[in-house]
Amino acid sequence: MEDFMSSDDEYCYSDQNSIDGFENDEPDFQWVPPKGSTTQVITRESLLAAQREDLRRVMELLSVGEHHSRTLLIYHRWDVEKLFSVYVDKGKAFLFAEAGVSMVEHQNHSSPLTSTVMCDICMEDVPNDDATRMECGHCFCNGCWTEHFIVKISEGQSKRIRCMAHKCNAICDEAVVRNLVSKKQPNMAKRFDRFLLESYIEDNKRVKWCPSAPHCGNAIRVEDDELCEVECSCGLQFCFSCLSEAHSPCSCLMWELWAKKCKDESETVNWITVHTKPCPKCHKPVEKNGGCNLVSCICGQTFCWLCAGATGRDHTWTNIANHSCGRYKESEKKAEQAKRDLYRYMHYHNRYKAHTDSFKLESKLKETILEKVNVSEERESTLKDYSWVSNGLYRLFRSRRVLSYSYPFAFYMFGDELFKDEMTKEERDIKQHLFEDQQQQLEANVEKLSRVLEEPFDQFTDDKVKEIRMQVINLSVIIDTICQKMYDCIENDLLGSLQLGIHNIAPYKSKGIERASELSACRSNKAINIGQLSTFVLWWDKGI
């Protein structure tokens, strides 16, 4: 469900800034984070620049090369702040050892005294030129190294290929891996480069692919809280945490359960349980269509509707011959509970669907309402500014979406599926009344705003238009205030009081879901490594 507002509207974000990148140790691109936006769209052109900026920060702080910088970042899932925190708290030696980076400055490998070296893997003597010594000090023949690298890449472990030596945790130099593998299997070397590139998105908790279908080719990066709702440049709005549609004030787990409940056949089963009973002979469900409690199945079997027991056909208005079922049975209790559960679900689902349908219908009216604005602006009038109409439309769409998702939230918040043991019945009743009061206030004002915006204001006098303008502005302020209070109630009074902290929601933003600004890589005098760039472009085109 989207807010249906263009990026040029007052409430949407469209800040765009340029980025530069850099190559290896010498900067040839500069990347500048956009101001005023906490989410960015990473495209094919800007991924390398964004990745290299993180690499550069680590390279400059720790005085290491690009290979070591990438090894450290992959280990810490590209969380630069966490990496720096470990460095400050536990020191450089611990940071390197934990990530499998060799302390190069402490190595002092003596040059070989002979022209050959014995490989401890294949146990053969090979010329020194056919053997490679890693930074950890272990030396094996190029053939064994190559086979080791190919196996690891085939198994999908190419992001962190360890040394072959027993109990050695050192990560092999990516340049050595690329050089040896490319001589035997060039395609496997390209695959290795692709895995290194995609690590920035696949392993980075602050970067995720846009879940659009068909895929738009973009990834989204958040700078602050990962628990947020974002809008990609393709127009899709989604929850960054679970990648499903934007669903606040529902938590991700609540929305997952609700979506499943609406899609599967569990409620159909509940309806059959409540409204039918199985035939004692053929076991097919039978629905009663009359007042008599003696029912007949299409197979010919008659049975008592009250107890579902097989009977004969002789009966009067009051009883069935030779049959009595007045005693209470546990099955009747289960059927009554299933009936209550079904009616409760229908109550929340009907209101959720009603507001969802209203949202779609009001979105279709957007063009009609904007046409009224054009007509009003062209006529001779003292009123020239009609931005209040666009702002009112936005507030209507935004609040209608909040109102729609508040019903699945209430279904689980005050039901027995998730929080049965978290609150007493008295506490639940108090909190439910508090929430439903705010929900009703929001609902009433949203309906008022919807009705006012549908008025034919293009046909009214200036005084009447001014009156409608004030109504729209006042209602927009009231609705925004109620939404904020509802979110505060959910975060502090409802979810905040629970012992389990797994139910968190994206914070309410008065300006709505933030539209991610696009990162742009501006080419300078120096170019990115052409081989790496071509591998990246091939991966982006074929891998998504």
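Against the list (1) open to solvent by less than 20 Å² (accessible area, probe 1.4 Å); (2) touching an Asp or Glu at 6+ places or on another chain (Cβ under 8 Å); (3) more than 24 Å from C252 (Cα to Cα); (4) not hydroxyl-bearing (S, T, Y), the condition L383 fails is (1).
Counting only residues that are within 20 Å of Y345 (Cα to Cα), open to solvent by less than 40 Å² (accessible area, probe 1.4 Å) and of a type in the set (D, E, K, R), region 393-430 holds 2 of them.
Tell me whether region 270-281 contains one or more residues that are at pLDDT 85 or above, of a type outside the set (V, I, T) and crowded, with 17+ Cβ neighbours inside 10 Å. Yes, there is a match, as at least one residue in region 270-281 is at pLDDT 85 or above, of a type outside the set (V, I, T) and crowded, with 17+ Cβ neighbours inside 10 Å. Annotation for region 468-488: at least one member residue is within 33 Å of the chain's Cα centre (by Cα), open to solvent by less than 10 Å² (accessible area, probe 1.4 Å) and among the aromatic types (F, W, Y). Taking strands (runs of 3 or more DSSP E) as the structural unit, those lying wholly within region 123-207 and holding at least 3 residues that are crowded, with 18+ Cβ neighbours inside 10 Å correspond to 139-141.
The values are calculated or read from the model by the stated rules, or taken from the named source; none is laboratory data. All values derive from a computational prediction rather than experimental measurement. Because the Cβ atoms are built from the backbone with ideal geometry, glycine has one as well, and the counts that use them run over all protein chains shown. Accessible surface is based on the protein model in full, side chains and every heavy atom, while ligands, DNA and RNA are left aside. Shrake-Rupley method; radii C 1.70, N 1.55, O 1.52, S 1.80 Å.
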